[in-house]
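The values are calculated or read from the model by the stated rules, or taken from the named source; none is laboratory data. Everything quoted here is computed from the prediction, not taken from an experiment. With ideal geometry, Cβ positions are generated from the backbone for all residues, glycine too; neighbour counts draw on all protein chains shown. Ligands, DNA and RNA are stripped out before the accessible areas are found, and what is left, the full protein with its side chains, is counted by its heavy atoms. Shrake-Rupley method; radii C 1.70, N 1.55, O 1.52, S 1.80 Å.
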Amino acid sequence: MEEAVLQAKANRLKAGKSPRVLDLFSGCGGISLGFQSAGYEITAALEADPSAARSHGMNFHGGDERFCQPMDITSTDAETLCRHLSLGKPGKAFDVIVGGPPCQAFARVGRSKLRDVADHPEAFRHDPRARLYSEYLEFVSDCAPLAVVMENVPDMLNHGGHNLAEEICEVLDARGYDCSYTLLNAAFFGVPQMRERMFLVAVSKVLRTDFVFPEPTHWVDLPRGYQGSRSVALKLLGDLFARDEQKWFAQLQASKPDLERAITAHEAIGDLPQIHARRDLKSGSLKRGTRRLDIGLKYAKPENLGSYAHLMREWPGFEGSAEIHDHVIRYLPRDYKLFARLKPGNQYPEAYAMAEKMFDEALKKLETKNARPLEGSEEWNQLKTSIVPPYDPGKFPNKWRKMERDKPARTLLAHLGKDGYSHIHYDSRQARTISVREAARLQSFPDGFTFSGTMNPAFRQIGNAVPPLMAKAIAVPLLKALTQQSVLEIREAS
């Protein structure tokens, strides 16, 4: 029965229809946007976070309330989802399932073999450590997609002595899919961000077609931290090769210096309206309080708009308007002067040292004014608190970072929703952390893509997302694999 369903789906695509996508753990829709841009139809999504679910529904389904409602995969099966959206039977509704259970779900599995889920699903259903993964596989079984795409952190390849990606492939292989996985860095594919992630693609064996991961289109010399993390993630592969157990890892060519240079932070956000935090703080226009995404700022009009900025403004279906309404920043009055004095690439130890220097300078002026020493006084404590951050630089070396103008940004994380110090603007005149729209640009979300909620939820959605241009790089070769030849033609030729 399932083979007949897959056959019908393959022939539908051969007839020129767009592949229908179900995005699980969709967030605001980074993968969805990339696949839509490559020619797929975003049919449905499942997301538990209310703000992210509404963002997805707003951007892909015109704000239809049915698509804006948050739904938890642990309490929503494929049948319930399809009934809620009037999509008919799950087995006939979707051609591709994309997404990735939150990395915490995999990390908590520990030494339990993921492949055991296939043999003992009920045992794992009662184990909360594997619950999200189990539910994800249930959707694959119930929806019988032609292809599955999963994204997650590189640690998937080496967690607690297990290559979880390899074990996932083992499960999917037993369920009739040809699998492959690899590590890809978004900066190599036109995203202005050095974001390393694992991608796993599985295509139904019924199709008898090959999926080939995309080759890099851009080049950048990755910092040592990324190279080291990649080496740790790939460490187990050597052991697997030695035991002849590794089957699915795709070793890709490295990005080469003769490729187009990676998109820089300035190329990504330099055309956006400038926000001078110290000036706005002094004038009173920058105040403490909730940052709503409804403040309109007119675009800057540079003489030479770069190709990346042009794409962000003119992305088909998500074009920007005359104003930007989510170009808002955090209220951090203690730190704006400090941001201005940091050098590009400085991290928290350098920031802390500079803050202490600024404190010493301010203390001397105050002591001169008062004509007496202040150490140990309440004035001394208040002054230090107003200038020096409270965190131990030995414990939080990577908590802060000032971006480099002429390099891609470092990885954006969901932690942006808490403070934003990981991405301090490279322009010392503006002296601030990045805005919501700048974070979106660094993730390759176009200016017409809207985020539901206020500033903090928007930052979290952006940090959690898969960069749309990275998703598109996967979607394009997958579409070729899906439409290469129909099942009927294969059978007639055999």
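Here is a yes/no grid of residues against (1) polar (S, T, N, Q); (2) closer than 24 Å to Thr411 by Cβ; (3) modelled with pLDDT under 95:
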{"residue": "Leu146", "(1), (2), (3)": "no, no, no"}
{"residue": "Asp155", "(1), (2), (3)": "no, yes, yes"}
{"residue": "Cys169", "(1), (2), (3)": "no, no, yes"}
{"residue": "Arg175", "(1), (2), (3)": "no, no, yes"}
{"residue": "Leu184", "(1), (2), (3)": "no, yes, no"}
Qualifying positions in segment 10-31 - more than 30 Å from Pro446 (Cβ to Cβ) and touching a Leu at 6+ places or on another chain (Cβ under 9 Å): Ala10, Asn11, Lys14
Within segment 194-232, the count of residues that are among the hydroxyl-bearing types (Ser, Thr, Tyr) and modelled with pLDDT of 95 or more comes to 2
Given the criteria among the basic types (Lys, Arg) and either in a loop (DSSP other than H, G, I, E, B) or within 24 Å of Ala481 (Cα to Cα) (or both), does Arg197 qualify? yes
Pick from Arg437, Arg410, Arg432: which is over 25 Å from Leu297 (Cα atoms), of a type in the set (Lys, Arg) and in contact (Cβ under 8 Å) with a residue 60 or more places away in the chain? Arg410
For segment 275-294, does any single residue satisfy the condition of being among the β-branched types (Val, Ile, Thr) and open to solvent by 90 Å² or more (accessible area, probe 1.4 Å)? yes
Can you tell me which of (1) modelled with pLDDT under 95; (2) more than 18 Å from Val148 (Cβ to Cβ); (3) touching a Gly at 6+ places or on another chain (Cβ under 9 Å) is the one Arg54 doesn't meet? (1)
Taking segment 86-100 on its own, how many of its residues are open to solvent by 10 Å² or more (accessible area, probe 1.4 Å), in a loop (DSSP other than H, G, I, E, B) and at negative phi? 3
Name the residues in segment 253-265 that are open to solvent by 10 Å² or more (accessible area, probe 1.4 Å) and either charged (D, E, K, R) or under 20 Å from the mean Cα position of the chain (by Cα) (or both), would you? Lys256, Asp258, Glu260, Arg261, Ile263
Flag if Gly176 is open to solvent by 30 Å² or more (accessible area, probe 1.4 Å) and small (Gly, Ala, Ser): no
Of the conditions (1) of a type in the set (Val, Ile, Thr); (2) surrounded by 14 or more Cβ atoms within 10 Å (Cβ to Cβ); (3) more than 30 Å from Tyr299 (Cα to Cα), Val212 clears all except one; give me its number. (2)
Helices (runs of 4 or more DSSP H) lying entirely in segment 386-494 (those with 2 or more residues that are surrounded by 24 or more Cβ atoms within 10 Å (Cβ to Cβ) and at pLDDT 95 or above): 436-442, 455-464, 468-483
Top-ranked residue in segment 302-358 [being under 21 Å from Tyr426 (Cα atoms), among the aromatic types (Phe, Trp, Tyr) and under 27 Å from the mean Cα position of the chain (by Cα); ranked as surrounded by the most Cβ atoms within 10 Å (Cβ to Cβ)]: Phe339
Which pairs have Cβ atoms under 6 Å, sit 6 or more apart or on different chains, and link a residue in segment 70-95 that is closer than 27 Å to Ala10 by Cβ to one that is open to solvent by 50 Å² or more (accessible area, probe 1.4 Å) and basic (Lys, Arg)? Leu85/Arg66
Please specify each residue of segment 289-311 satisfying the condition of being touching a strand residue (DSSP E or B) at 6+ places or on another chain (Cβ under 9 Å) and under 14 Å from Ile269 (Cβ atoms). Leu297, Tyr299
What about Leu200, is it open to solvent by less than 20 Å² (accessible area, probe 1.4 Å), aliphatic (A, V, I, L, M), out of contact with any Asp or Glu (no Cβ under 6 Å at 6 or more places or on another chain) and over 28 Å from Glu404 (Cα atoms)? yes
Hey, among Ala44, Ala78, which residue is under 21 Å from the mean Cα position of the chain (by Cα), more than 19 Å from Leu469 (Cβ to Cβ) and of a type in the set (Gly, Ala, Ser)? Ala44
